[in-house]
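The block underneath contains the structure these notes are about, expressed in structure tokens.
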Amino acid sequence: MSVLARSVGNAFRNKIRTAAVVAVLTVAIGLALAMLVANQAVGAKVQELNASVGTVLTVNPAGGQGFEGGGEPLTAEQAAKAATVPNVTSVVGTKALRMRTETTTASGTSGTTQTQGGPGGGPGGQAATAVTTNLTAAVDAGTLGNRNNTSNGTGNGATGNAAGPNGTANQTQPAFSLPITATGIEAEVDSTGKALNITSGTGLGDYKAVSGKALLGTTLAEKNKLSVGSTFTINGQTFTVAGTFDAGTAFGNNAVYLTLADAQKLANLPDELSTMIVTVNSMENVDSAKTALQAALGSDKADVTQGQRNLETAVSSLNSVKGISLVAFIAALATAGLIILLIMVMLVRERRREIGVLKAIGAPNRTIGLQFVLEALVLATLGSVVGAVVASFASGSIASALISTNTTTTAGTGQRGAGGFPGGGAGFPGGGPFGGAQQLLTSVTASVSPEILAAGVAAVFGVAIIGALVPALLTARIRPIEVLRGE
Amino acid sequence: MIEVKDLVRQFKSGDRTIKPVNGVSFELGKGTLASIVGKSGSGKSTLLSLLGALDKPTSGDVIVDGVSLAALPDTKLTEYRRRDIGFVFQQFNLIPNLSAVDNVMLPMEFAGVRKAARSARAKELLEQVQLDPEKHGRRINRLSGGEQQRVAIARALANEPKLILADEPTGNLDEQTGEHIIALLSSLSRDHNTTILVVTHDRSLANKADRRFRLQQGRLSEEASRQRVAAPAS
Ligand SMILES: Nc1ncnc2c1ncn2[C@@H]1O[C@H](COP(=O)(O)OP(=O)(O)OP(=O)(O)O)[C@@H](O)[C@H]1O
Ligand SMILES: [Mg+2]
């Protein structure tokens with residue numbers, strides 16, 4: 001008979017009570033483990049989402065983004081300033097041009113009016129400059145494009161009617177073709193900072209210099225029957241196709257990349273940038289670099305964003321779920337500890353005389369204390385075994401219940417934001433993958449990994465030991481003379 | 001071997017204090033078998049608990065082999081109870097959910113005796129107190145009072161103590177089994193030089209004693225002693 005054997009025997013001395021205690025412990029421990037699993041699953045998802053955003057920050061002029069909004073354009077001087085921010089590894093400036101097919105422009109009487117805010121030209125057009133090209137868009141306007149065009153056209157129609165002759169031209173506009181985005185870049189990356197996937201030909205060589213060369217999206221090149229070495233014009237100036245790239249989306253492939261210098265020259269706006277793509281050295285530094293960058297550039301001059309904005313809300317709501325599950329884990333764990341504390345205090349009181357006997361026959365205090373701690377651990381083990389089984393079945397549904405109740409509103413807004421982009425169902429390239437925040441949230445699956453369960457059980461044992469320590473220390477105060485007292 | 005000096009133990013019950021032990025002094029030599037008689041409530045169990053370091057005296061001291069118990073810290077007192085004392089309680093005080101063998105093994109476990117050795121010795125002791133071998137593995141709460149009493153005696157002998165304090169060790173036994181226990185105790189004192197102090201009203205046990213005491217009004221008086229032949233010196 002060892003101390004351990006005695007503890008196990010004592011734990012089962014009153015079987016009905018043991019069953020009741022284990023049942024209550026199971027609920028507390030099961031809940032604690034399920035919360036831990038949910039916490040880990042959500043944490044993993046948050047990390048995954050953050051990793052998908054990567055270490056790239058996007059700087060837009062304050063109050064503007066893409067072809068929308070207002071404010072002052074970014075400058076080369078600001079890019080230089082951004083490069084000096086700690087942890088920033090590279091700054092790539094871009095200059096976006098909105099190209100309209102020449103035939104479309106020709107149908108309007110005045111080309112200059114068009115640049116002021118023609119159909120699809122977008123309001124403001126501060127950061128992007130409109131130019132003409134002989135290329136035809138690879139994307140058909142379709143329902144979305146036409147709807148978009150009409151809604152823009154209505155506002156324009158009013159001005160057109162007031163101008164007189166233009167009114168008729170606007171009303172009978174049969175073949176509307178989508179604009180093509182030409183982006184001047186300082187490095188071989190797309191407008192979200194991802195490396196370009198060149199499928200034929202070469203890159204543009206020196207991206208800082210004026211080269212007269214261009215990279216075309218695969219579908220755009222096909223549509224216009226262009227290949228490496230062919231030429232096309234922008235604003236009447238000839239460009240040679242240096243290569244083609246595949247952006248992975250139909251919208252992304254309806255685009256042209258030039259060197260930054262070429263784009264600035266075409267726009268006749270040297271030094272001016274549409275956006276800056278800032279790469280930070282590591283994930284951990286993204287937040288601090290973002291703050292530092294915002295401070296360096298001034299919040300009245302530039303907006304610094306990290307990846308997709310609806311992704312940010314998704315991450316923040318996931319983070320609050322993570323926080324809730326952590327609190328619940330700690331609370332359930334503390335409950336388990338409290339249950340053990342109370343039951344052990346009760347047992348010590350009940351076995352007062354027996355503890356006296358053990359002391360009277362020479363048992364050292366620590367042996368008796370150990371016996372009670374081990375007995376508490378036997379109860380905790382039983383609770384953990386049953387609790388782990390319960391948790392592995394319940395954690396999936398607990399995690400999804402937590403997420404769906406906490407994020408339905410956020411998810412709804414996310415979807416609206418993604419669908420409501422102007423420009424024929426297409427925002428920036430790369431806007432697509434995170435269209436549905438809902439989708440992304442329900443994809444959190446709480447898989448029960450053995451390591452996490454083991455860590456949870458270890459925490460339960462730690463709490464059980466703490467809970468049992470108080471009653472175990474109480475046994476040290478019991479005097480051997482208790483043995484002579486009546487029951 | 002054991003020297004008791006002006007021992008006092010008082011209890012407060014309500015507004016008055018009682019002194020079941022009120023200035024007790026005596027000495028017992030090694031291997032002495034001594035008996036104490038006294039009315040119920042006269043303080044016999046109280047005196048034994050003071051000698052066995054289960055309780056602390058209000059004043060006075062107990063000196064065992066030259067060591068004063070009053071001066072010992074709690075850990076040393078625990079060691080004293082474990083190594084030097086075998087206590088047979090009036091109410092047996094066995095652990096009810098353990099078997100007879102396990103109960104006898106307990107003091108040896110605390111003393112660090114190896115498992116095989118302690119189970120062998122426990123069985124041997126239970127045989128010495130004439131407990132039916134088929135009852136060795138039986139739980140205490142399924143044994144009769146007399147059987148429990150014998151397990152309690154076996155447990156007291158487990159660590160070969162130098163002082164056995166037994167409170168009515170034959171109280172629940174039939175005459176024949178009682179005689180056997182008396183013979184066992186008497187042989188321990190004679191052959192193993194164990195000092196034994198028994199509280200008893202059993203005339204045949206008292207008759208075997210080398211010295212006989214009576215506890216009355218908190219004081220101990222020795223009755224005309226009948227010196228045993230070749231009693232060893234203290
Ligand atoms: N903890 C205590 N508090 C108060 N009074 C006590 C306490 N312990 C014992 N007493 C009293 O001390 C007196 C002596 O008790 P004790 O148990 O020593 O008697 P006893 O001689 O062993 O009697 P018995 O022969 O019935 O066993 C009794 O009056 C008892 O009520
Ligand atoms: Mg008594």
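Criterion applied to B:Thr32, B:Thr75 was being more than 8 Å from ligand 1 (Cβ to nearest atom) and open to solvent by 30 Å² or more (accessible area, probe 1.4 Å), and the one residue passing it is B:Thr75. Whether any residue in the range B:180-190 is farther than 22 Å from B:Phe110 by Cβ, outside any helix (DSSP H, G or I) and either without any contact (Cβ under 8 Å) to a residue 40 or more places away in the chain or open to solvent by 40 Å² or more (accessible area, probe 1.4 Å) (or both) is what I want to check. Looking through the range B:180-190, none of the residues is farther than 22 Å from B:Phe110 by Cβ, outside any helix (DSSP H, G or I) and either without any contact (Cβ under 8 Å) to a residue 40 or more places away in the chain or open to solvent by 40 Å² or more (accessible area, probe 1.4 Å) (or both).
Among the residues of the range B:173-191, write down those that are of a type in the set (Gly, Ala, Ser) and either under 18 Å from B:Lys162 (Cα atoms) or more than 17 Å from the chain's Cα centre (by Cα) (or both). Listed by number, the residues that qualify are B:Ala183, B:Ser186, B:Ser187, B:Ser189. Sub-9 Å Cβ pairs linking a first residue in the range B:191-204 that is free of Cβ contacts under 8 Å to residues at least 60 places away in the same chain to a second residue that is among the β-branched types (Val, Ile, Thr) and within 16 Å of ligand 2 (Cβ to nearest atom), at least 6 apart or interchain, are B:Asp202/B:Thr170; B:Ser204/B:Thr170, ordered by first then second residue.
No other residue among B:Asp210, B:Asp167, B:Asp202 is charged (D, E, K, R), touching a Leu at 6+ places or on another chain (Cβ under 7 Å) and either within 20 Å of B:Ser45 (Cβ to Cβ) or within 14 Å of chain A (Cβ to nearest Cβ) (or both) apart from B:Asp167. For the range A:366-384, the count of residues that are within 14 Å of chain B (Cβ to nearest Cβ) and among the polar types (S, T, N, Q) is at least one. Restricting attention to the range B:16-29, the residues that are within 11 Å of ligand 1 (Cβ to nearest atom) and either under 21 Å from B:Ser186 (Cα atoms) or crowded, with 23+ Cβ neighbours inside 10 Å (or both) add up to 1.
Condition check ((1) modelled with pLDDT under 85; (2) open to solvent by 50 Å² or more (accessible area, probe 1.4 Å); (3) of a type in the set (Asp, Glu)) across all residues:
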| position | (1), (2), (3) |
| --- | --- |
| A:Arg17 | no, yes, no |
| A:Ala20 | no, yes, no |
| A:Leu25 | no, no, no |
| A:Ala34 | no, no, no |
| A:Ala41 | yes, no, no |
| A:Val46 | yes, no, no |
| A:Leu49 | yes, no, no |
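Put simply, of B:Val37, B:Val64 the only residue that is under 16 Å from the mean Cα position of the chain (by Cα), away from every other protein chain (no Cβ under 14 Å), surrounded by fewer than 23 Cβ atoms within 10 Å (Cβ to Cβ) and within 16 Å of ligand 1 (Cβ to nearest atom) is B:Val37.
With (1) open to solvent by 60 Å² or more (accessible area, probe 1.4 Å); (2) not assigned by TED's automatic domain parsing to the domain that holds A:Ala221 as the list, and A:Val321 as the residue in question, which single condition is left unmet? Status for A:Val321: all satisfied but (1). Would you call B:Gln91 polar (S, T, N, Q), within 16 Å of ligand 1 (Cβ to nearest atom) and open to solvent by 10 Å² or more (accessible area, probe 1.4 Å)? In short, yes. Every listed requirement among (1) within 16 Å of ligand 2 (Cβ to nearest atom); (2) within 19 Å of the chain's Cα centre (by Cα) is met by B:Leu94 save one, (1). Only one of the numbered conditions (1) within 16 Å of ligand 2 (Cβ to nearest atom); (2) in a helix (DSSP H, G or I); (3) open to solvent by 10 Å² or more (accessible area, probe 1.4 Å) is not met by B:Ser49, and that is (3). Here is the figure for the range B:87-121: residues that are touching a His at 6+ places or on another chain (Cβ under 8 Å), within 10 Å of another protein chain (Cβ to nearest Cβ) and within 24 Å of B:Ala183 (Cβ to Cβ) total 1. Does B:Asp84 satisfy the condition of being open to solvent by 40 Å² or more (accessible area, probe 1.4 Å) and either within 13 Å of another protein chain (Cβ to nearest Cβ) or farther than 24 Å from A:Glu354 by Cα (or both)? Answer is no for this residue. Just wondering, is there one or more residues in the range A:348-362 that are open to solvent by 40 Å² or more (accessible area, probe 1.4 Å), away from chain B (no Cβ under 14 Å) and over 38 Å from the mean Cα position of the chain (by Cα)? Yes: the range A:348-362 contains one or more residues that are open to solvent by 40 Å² or more (accessible area, probe 1.4 Å), away from chain B (no Cβ under 14 Å) and over 38 Å from the mean Cα position of the chain (by Cα). Only strands (runs of 3 or more DSSP E) whose full extent lies in the range A:233-309 are considered here, and the ones with at least 2 residues that are β-branched (Val, Ile, Thr) and farther than 17 Å from A:Glu72 by Cβ are A:237-245, A:255-259, A:275-280.
Conditions (1) surrounded by fewer than 22 Cβ atoms within 10 Å (Cβ to Cβ); (2) within 16 Å of ligand 2 (Cβ to nearest atom); (3) in contact (Cβ under 8 Å) with a residue 24 or more places away in the chain, marked per residue:
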residue: B:Pro133; (1), (2), (3): yes, no, no
residue: B:Ala166; (1), (2), (3): no, yes, yes
residue: B:Thr170; (1), (2), (3): no, yes, yes
residue: B:Leu173; (1), (2), (3): no, no, yes
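A:Leu469 fulfils the conditions (1) modelled with pLDDT of 50 or more; (2) open to solvent by 30 Å² or more (accessible area, probe 1.4 Å); (3) assigned to a loop (DSSP other than H, G, I, E, B) except for a single criterion, (3). Within the range B:43-56, the residues that satisfy the criterion of being touching a helix residue (DSSP H, G or I) at 6+ places or on another chain (Cβ under 7 Å) and either within 13 Å of ligand 1 (Cβ to nearest atom) or under 14 Å from B:Glu27 (Cα atoms) (or both) are B:Ser45, B:Ser49, B:Gly52, B:Leu54, B:Asp55. Set side by side, the residues B:Phe26, B:Phe11 differ, and just one is aromatic (Phe, Trp, Tyr) and within 14 Å of chain A (Cβ to nearest Cβ), which is B:Phe11.
The values are calculated or read from the model by the stated rules, or taken from the named source; none is laboratory data. Bear in mind the structure is a predicted one, so any value in this text is a computation, not a measurement. Using ideal geometry, Cβ is built from the backbone for each residue, glycine included, and neighbour counts are taken over all protein chains shown. SASA here: full protein model, heavy atoms, side chains in, ligands and nucleic acids out. Shrake-Rupley method; radii C 1.70, N 1.55, O 1.52, S 1.80 Å.
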